[in-house]
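Asks: The structure's right below; bear with me while I get my questions together.
The values are calculated or read from the model by the stated rules, or taken from the named source; none is laboratory data. Everything numeric in this text was worked out from a predicted model, so none of it was measured. All Cβ positions, even for glycine, are placed from backbone atoms using ideal geometry, and neighbour counts span all protein chains on display.
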Amino acid sequence: MHIPDGYISPETCLLMYAVAVPVWAYAAKQVITHVKKDPERLSLIGVGAASAFLIMMFNVPIPGGTSAHAVGGTILAILIGPWEAVISLSITIAIQALVFGDGGILTYGANVINMAIIMPLFGYAIYRLAQRFKHPLLGVFFGSYIGINLAALFVALELGLQPILFHTASGQPLYNPYSLAVCIMAMCGSHLLVVGWVEAFFALVIYKYIQMHYSSLIITEDQGRPLRPLALGMVTLAILTPLGTLVTQPAWGEWAADSFKNGAPLGIKHALQYHALFSGYRLGSLKSFSSALIISLLIILLAIIIVRGIHYVGKKQASNNSAKEF
């Protein structure tokens, strides 16, 4: 679902950023308001980003020789709040692009709109609607299923409109070469039939587990959320993450320029060349399985450091405020 550079035009990239920036601004404003009421909520951003990163490392094989992955956008919005989920997922997508070369730099805005805005916000809205009618489990399931499928539809539209809008005088596509019909069939078909059910099933399992053992997580937006169960969940994900490396097929629409039998379109051929530090989630000469395990553990360590740092600063400020009042 990560659109690489070269698959959509610079004009499309600019439009996507223009849509994403005001949403970021509003999300940041909402998060700041929540943090003022409960400073520890800031920790949820780090935990959420790490959790989303680990979830996206699980690849699912798709018939036809490709793969796709879950995102966890809706369940993340339910557990940490919708606007916190927007920021967390945006951070995750940025790290994936800059450090691991997963998704483009110019297409970052488009990837954020699809996975960090459309998916969690629409999925969460469906969950809240079902919750009002006293059917939260249905809300979790269908919110997750519809959320990821809406994201897939938008990816298909963004890619499928490229050959219609941007082509040479002879009609050759400049960017993504596949027609709108092909893009919709490939993206929506795989998510409607496979990935959506995987996303919904795991969201439901996570929700039921937390509901049974840590029900205080599933509360109203204005209240705090304990971090320990989320941290335990991250450790479990880290242990299971290497299983995602067993699926070696590339995701649909994320092929390199030399993968096109009849030659890649000019936009893909001359796309921005950014060499990520750990491209393809590989650490040097280590095997994919080992690299995935080490990366996942490092992500958790980074999240713990950030959370601990936030807690330390919060306690220090509280201590200083108490001293001033005294």
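Asks: Taking the stretch 67-98 only, how many residues are among the β-branched types (Val, Ile, Thr), in contact with a Phe, Trp or Tyr (Cβ under 6 Å, 6 or more places away or on another chain) and within 23 Å of PHE278 (Cβ to Cβ)?
Replies: Total satisfying the criteria: 1.
Asks: When residues of the stretch 109-139 are filtered for being hydrophobic (A, V, I, L, M, F, W, C) and either farther than 27 Å from ALA186 by Cβ or modelled with pLDDT under 95 (or both), how many remain?
Replies: Our first condition is that a residue be hydrophobic (A, V, I, L, M, F, W, C); within the stretch 109-139, this holds for 110, 112-113, 115-119, 121-122, 125-126, 129-130, 133, 137-138.
Cutting the leftovers down to either farther than 27 Å from ALA186 by Cβ or modelled with pLDDT under 95 (or both) gives us 129-130, 133, 137-138.
Total satisfying the criteria: 5.
Asks: Look through LEU54, LEU106 and report the one residue that is of a type outside the set (Ser, Thr, Tyr) and surrounded by fewer than 24 Cβ atoms within 10 Å (Cβ to Cβ). Spell out how you get there, then give the answer.
Replies: Numbers: LEU54 fails: surrounded by fewer than 24 Cβ atoms within 10 Å (Cβ to Cβ).
None of the other options fit; the residue is LEU106.
Asks: Taking VAL198 as the residue in question, decide whether it is among the hydrophobic types (A, V, I, L, M, F, W, C), over 18 Å from the mean Cα position of the chain (by Cα) and modelled with pLDDT of 85 or more. I'd like the intermediate steps shown before the answer.
Replies: Values: among the hydrophobic types (A, V, I, L, M, F, W, C): yes; over 18 Å from the mean Cα position of the chain (by Cα): no; modelled with pLDDT of 85 or more: yes.
No, not satisfied.
Asks: Under 9 Å between Cβ atoms, at least 6 apart or on separate chains: pull out the pairs that start in the stretch 176-195 with a residue that is buried (at least 21 other Cβ atoms within 10 Å of the Cβ) and end on any residue that is among the acidic types (Asp, Glu).
Replies: That search, which allows pairs on different chains as well, returns ASN176/GLU158; CYS183/GLU158; HIS191/GLU199.
Asks: Take the stretch 265-284 and flag every residue that is crowded, with 19+ Cβ neighbours inside 10 Å and part of a loop (DSSP other than H, G, I, E, B). Talk me through it step by step, then tell me what you get.
Replies: First pass over the stretch 265-284, keeping only residues crowded, with 19+ Cβ neighbours inside 10 Å: 265, 267-268, 271, 281.
Listed by number, the residues that qualify are PRO265, ALA271.
Asks: Another question about this same structure. If we keep just the residues of the stretch 1-32 that are over 30 Å from TYR175 (Cα atoms) and touching a Phe, Trp or Tyr at 6+ places or on another chain (Cβ under 9 Å), which is surrounded by the most Cβ atoms within 10 Å (Cβ to Cβ)?
Replies: Result: ALA27.
Asks: Are any residues in the stretch 122-134 in a loop (DSSP other than H, G, I, E, B) and touching a helix residue (DSSP H, G or I) at 6+ places or on another chain (Cβ under 9 Å), and if so, which ones? It would help to see each step written out before you state the result.
Replies: Our first condition is that a residue be in a loop (DSSP other than H, G, I, E, B); within the stretch 122-134, this holds for 133-134.
The one that is in a loop (DSSP other than H, G, I, E, B) and touching a helix residue (DSSP H, G or I) at 6+ places or on another chain (Cβ under 9 Å): PHE133.
Asks: Looking at LEU240, LEU298, which is the one that is surrounded by fewer than 16 Cβ atoms within 10 Å (Cβ to Cβ), at pLDDT 80 or above and assigned to a helix (DSSP H, G or I)? Reasoning before the result, please.
Replies: On the way: LEU240 fails: at pLDDT 80 or above.
Of LEU240, LEU298, the one residue that is surrounded by fewer than 16 Cβ atoms within 10 Å (Cβ to Cβ), at pLDDT 80 or above and assigned to a helix (DSSP H, G or I) is LEU298.
Asks: Can I ask one more? If you check every pair at least six apart or on different chains, which have Cβ atoms under 9 Å apart with a residue in the stretch 76-105 that is in contact (Cβ under 8 Å) with a residue 40 or more places away in the chain and of a type in the set (Lys, Arg) first and a residue that is buried (at least 24 other Cβ atoms within 10 Å of the Cβ) and assigned to a helix (DSSP H, G or I) second?
Replies: none
Asks: Okay, next question. Quick check on GLY171: is it of a type in the set (Gly, Ala, Ser) and touching a helix residue (DSSP H, G or I) at 6+ places or on another chain (Cβ under 8 Å)? Step through it out loud before you land on a result.
Replies: Details: of a type in the set (Gly, Ala, Ser): yes; touching a helix residue (DSSP H, G or I) at 6+ places or on another chain (Cβ under 8 Å): no.
No: the conditions fail for GLY171.
Asks: Only residues in the stretch 22-46 that are under 21 Å from LEU302 (Cα atoms) and free of Cβ contacts under 8 Å to residues at least 40 places away in the same chain count as the first member; pair them with residues that are surrounded by 19 or more Cβ atoms within 10 Å (Cβ to Cβ) and not basic (Lys, Arg), Cβ under 6 angstrom, at least 6 apart or cross-chain, and list the lot.
Replies: From residues that are under 21 Å from LEU302 (Cα atoms) and free of Cβ contacts under 8 Å to residues at least 40 places away in the same chain, the pairs are VAL35/LEU42.
Asks: Quick check on the stretch 147-163. Is at least one of its residues among the polar types (S, T, N, Q), modelled with pLDDT under 95 and under 18 Å from PRO4 (Cα atoms)?
Replies: The initial filter retains those residues of the stretch 147-163 that are among the polar types (S, T, N, Q), namely 149, 162.
Filter once more, so that each one left must be modelled with pLDDT under 95: none.
No.
Asks: Any residue that is in contact with a Pro (Cβ under 8 Å, 6 or more places away or on another chain) and closer than 20 Å to VAL194 by Cβ - is there at least one of those in the stretch 68-91?
Replies: As a first pass, look at the stretch 68-91 and keep what is in contact with a Pro (Cβ under 8 Å, 6 or more places away or on another chain): 73-74, 76-77, 82, 85-86, 89.
Next, from what is left, pick out any that are closer than 20 Å to VAL194 by Cβ: 73-74.
Yes, the stretch 68-91 contains a residue that is in contact with a Pro (Cβ under 8 Å, 6 or more places away or on another chain) and closer than 20 Å to VAL194 by Cβ.
Asks: Something else: Enumerate the helices (runs of 4 or more DSSP H) found wholly within the stretch 45-119, keeping only those where 2 or more residues are of a type outside the set (A, V, I, L, M, F, W, C) and under 11 Å from the mean Cα position of the chain (by Cα).
Replies: Details: elements: 73-80, 82-100, 108-111.
In the stretch 45-119, 73-80, 82-100 are the helices (runs of 4 or more DSSP H) which contain 2 or more residues that are of a type outside the set (A, V, I, L, M, F, W, C) and under 11 Å from the mean Cα position of the chain (by Cα).
Asks: Could you grab me the full set of residues in the stretch 22-62 that are in contact with an Asp or Glu (Cβ under 7 Å, 6 or more places away or on another chain) and among the polar types (S, T, N, Q)?
Replies: none
Asks: What pairs come up if the first residue lies in the stretch 143-167 and is farther than 26 Å from ILE78 by Cα, the second is assigned to a strand (DSSP E or B) and not acidic (Asp, Glu), and their beta carbons are under 8 Å apart, counting only those six or more places apart or on different chains?
Replies: GLN162/PRO173; PRO163/PRO173; PHE166/PRO173; HIS167/PRO173
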